[in-house]
Amino acid sequence: MADERGSIVAAVLTAVLTTACGAPPPAKSTPAAKVTAGVTEASLTTITLTADATRRLGIETAAIEQRGVARTRTVGGEVTAPGAAQSTVTAPFAGTVEATIGANRIGTSVEQGAVIVRLVPLAASDRDARVEAQRALDEAEGRQTQATQRAERAARLASNGAGSRRAAEDAQGDLVVANAALKAAQERLRLASRGVNASGALALAAPISAVLQGLHVTPGQPVTSGAPLFDVVRLDSVWIRVPLFAGDIEQVDRRAQARVVALGASGSAPGTAAEPVPAPPSADAATAAVDLYYALANAGGALRPGQRVSVRLPLVAGSQSLVAPGAAILHDSYGGTWVYEARDAHVFVRRRVSVVDVVGPLAVLDRGPLAGTRVVTTGAAELFGTEFGVGK
């Protein structure tokens with residue numbers, strides 16, 4: 001106990017001696033910041049106009065509403081050729097390219113039946129094919145002649161009683177088989193010579209009316225059987241591939257039309273309606289994206305495969321949303337969004353809102369004045385200028 005009292009006395013003596021020696025007391029801490037004349041959003045500028053100023057500005061108001069709207073989500077899409085719209089023509093036999101008529105027409109439309117490539121078959125293979133087909137035909141004709149004579153003789157013997165009816169029936173069956181073999185040999189010879197003109201070249205034409213997308217050969221080039229010669233693709237209708245995050249797929253109404261808008265178009269641009277199509281399922285594991293496909297008419301050829309576009313996807317209908325006229329929304333230099341609430345005919349207060357979507361002429365709000373509040377539509381920009389010193 002005595003030791004504790006001694007320690008206290010020593011501490012007091014030390015403090016007294018320090019003060020007596022003129023040491024300054026410890027300084028008070030200074031605040032890091034000082035806010036004066038703070039303004040809250042509840043006390044934003046109120047503009048009061050005269051009746052004449054209200055008339056000159058042409059102020060008009062509309063009410064904020066709580067209602068159901070067909071919301072959309074805008075994402076990126078890619079123009080692709082429709083399924084089965086592309087056709088590749090290959091060489092039916094080994095040969096040499098005689099001419100490429102479509103060399104100067106790549107990227108342009110070609111009509112069905114327009115000759116694109118002429119292919120000359122290799123002399124040896126062409127001659128051998130036709131010789132073999134002719135030999136098979138000669139053999140078939142010989143067997144058919146023998147079968148005919150045998151059937152006639154068996155029929156006569158059977159009618160005279162010198163031969164059996166069974167033998168006549170067997171001979172008649174052999175004749176049927178011989179006739180079928182003859183017909184097949186004739187068809188084989190016809191196919192061996194099909195499409196070859198007097199110079200020996202086969203004209204290969206566009207199978208459909210489409211755009212000549214690629215030409216893979218040049219005149220004088222030898223090709224093997226099955227080698228690709230040229231590609232055509234139909235683009236009077238295109239597909240729009242829309243990669244969408246897999247976690248958002250259930251929010252999209254996949255049975256409803258989407259709207260396709262060109263990149264750089266305004267948010268109010270109507271776009272073009274595109275129908276959902278049941279394309280083969282595809283996804284990208286690296287980006288966790290699932291592909292949706294929409295069909296779009298492209299009669300003028302304005303859209304090209306690989307082109308990027310904006311797509312407004314319709315969302316599944318949900319609860320009602322707070323909406324305001326799009327004309328009432330103002331944007332400041334920092335990206336903030338505002339409206340002017342009309343307190344009465346000549347008094348207006350700026351209020352902050354949070355816009356999450358734009359549906360036609362309406363802005364969908366995540367935060368803002370209550371439903372029923374009247375906001376300025378016509379004249380809102382003039383009020384904004386009046387508040388900041390550049391108005392009328």
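Numbers for the structure displayed
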{"item": "Residue list for region 288-304, restricted to those being under 16 Å from residue 262 (Cβ atoms) and touching a residue at least 24 places away in the same chain (Cβ under 8 Å)", "result": "294, 296, 297, 298, 301, 303, 304"}
{"item": "Residue in region 316-336 that is farthest from residue 374 (Cα to Cα), counting only those that are modelled with pLDDT of 85 or more and touching a Lys or Arg at 6+ places or on another chain (Cβ under 7 Å)", "result": "336"}
{"item": "Neighbours by Cβ (under 7 Å, 6+ apart or cross-chain): first from region 307-334, more than 29 Å from residue 380 (Cβ to Cβ); second of a type in the set (Lys, Arg) and open to solvent by 30 Å² or more (accessible area, probe 1.4 Å)", "result": "313/73"}
{"item": "Enumeration of residues in region 344-366 that are in a strand (DSSP E or B), of a type outside the set (Val, Ile, Thr) and more than 25 Å from residue 386 (Cβ to Cβ)", "result": "357, 362, 366"}
{"item": "Odd one out for residue 353, checked against (1) of a type in the set (A, V, I, L, M, F, W, C); (2) over 21 Å from residue 65 (Cα atoms); (3) buried (at least 18 other Cβ atoms within 10 Å of the Cβ)", "result": "(2)"}
{"item": "Search result, residues across region 285-303 that are modelled with pLDDT of 90 or more, over 23 Å from residue 210 (Cβ atoms) and not hydrophobic (A, V, I, L, M, F, W, C)", "result": "291"}
{"item": "Selection count where residues are open to solvent by 40 Å² or more (accessible area, probe 1.4 Å), at pLDDT 85 or above and not basic (Lys, Arg), scope region 47-73", "result": "8"}
{"item": "Any hit, region 76-84, residues being part of a loop (DSSP other than H, G, I, E, B) and either touching a Phe, Trp or Tyr at 6+ places or on another chain (Cβ under 6 Å) or surrounded by 16 or more Cβ atoms within 10 Å (Cβ to Cβ) (or both)", "result": "yes"}
{"item": "Enumeration of residues in region 137-158 that are modelled with pLDDT under 85 and either open to solvent by 90 Å² or more (accessible area, probe 1.4 Å) or among the basic types (Lys, Arg) (or both)", "result": "156"}
{"item": "Members of region 294-303 found to be farther than 10 Å from residue 238 by Cα and in a strand (DSSP E or B), listed by number", "result": "none"}
{"item": "Among residues of region 208-226, those that are farther than 17 Å from residue 305 by Cβ, open to solvent by 20 Å² or more (accessible area, probe 1.4 Å) and part of a loop (DSSP other than H, G, I, E, B), counted", "result": "9"}
{"item": "Qualifying residue in region 304-323 (condition: closer than 30 Å to residue 209 by Cα and either open to solvent by 70 Å² or more (accessible area, probe 1.4 Å) or charged (D, E, K, R) (or both))", "result": "yes"}
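Residues checked against (1) part of a loop (DSSP other than H, G, I, E, B); (2) within 19 Å of residue 66 (Cα to Cα):
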position: 317; (1), (2): yes, yes
position: 327; (1), (2): no, yes
position: 334; (1), (2): yes, no
position: 371; (1), (2): yes, yes
position: 375; (1), (2): no, yes
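Residues checked against (1) over 30 Å from the mean Cα position of the chain (by Cα); (2) modelled with pLDDT of 80 or more; (3) assigned to a loop (DSSP other than H, G, I, E, B); (4) closer than 24 Å to residue 189 by Cα:
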site: 87; (1), (2), (3), (4): no, yes, no, no
site: 92; (1), (2), (3), (4): yes, yes, yes, yes
site: 96; (1), (2), (3), (4): yes, yes, no, yes
site: 99; (1), (2), (3), (4): yes, no, no, no
site: 116; (1), (2), (3), (4): yes, yes, no, no
site: 119; (1), (2), (3), (4): yes, yes, no, yes
site: 125; (1), (2), (3), (4): yes, no, no, yes
site: 130; (1), (2), (3), (4): yes, no, no, yes
site: 133; (1), (2), (3), (4): yes, no, no, yes
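The values are calculated or read from the model by the stated rules, or taken from the named source; none is laboratory data. Here the structure is a predicted model, which is why all the values come from computation and not from measurement. Note: ideal-geometry Cβ built from the backbone for every residue, glycine included; neighbour counts use all protein chains shown. For the accessible areas, the whole protein counts, side chains as well, though only heavy atoms, and no ligand, DNA or RNA atoms are used. Shrake-Rupley method; radii C 1.70, N 1.55, O 1.52, S 1.80 Å.
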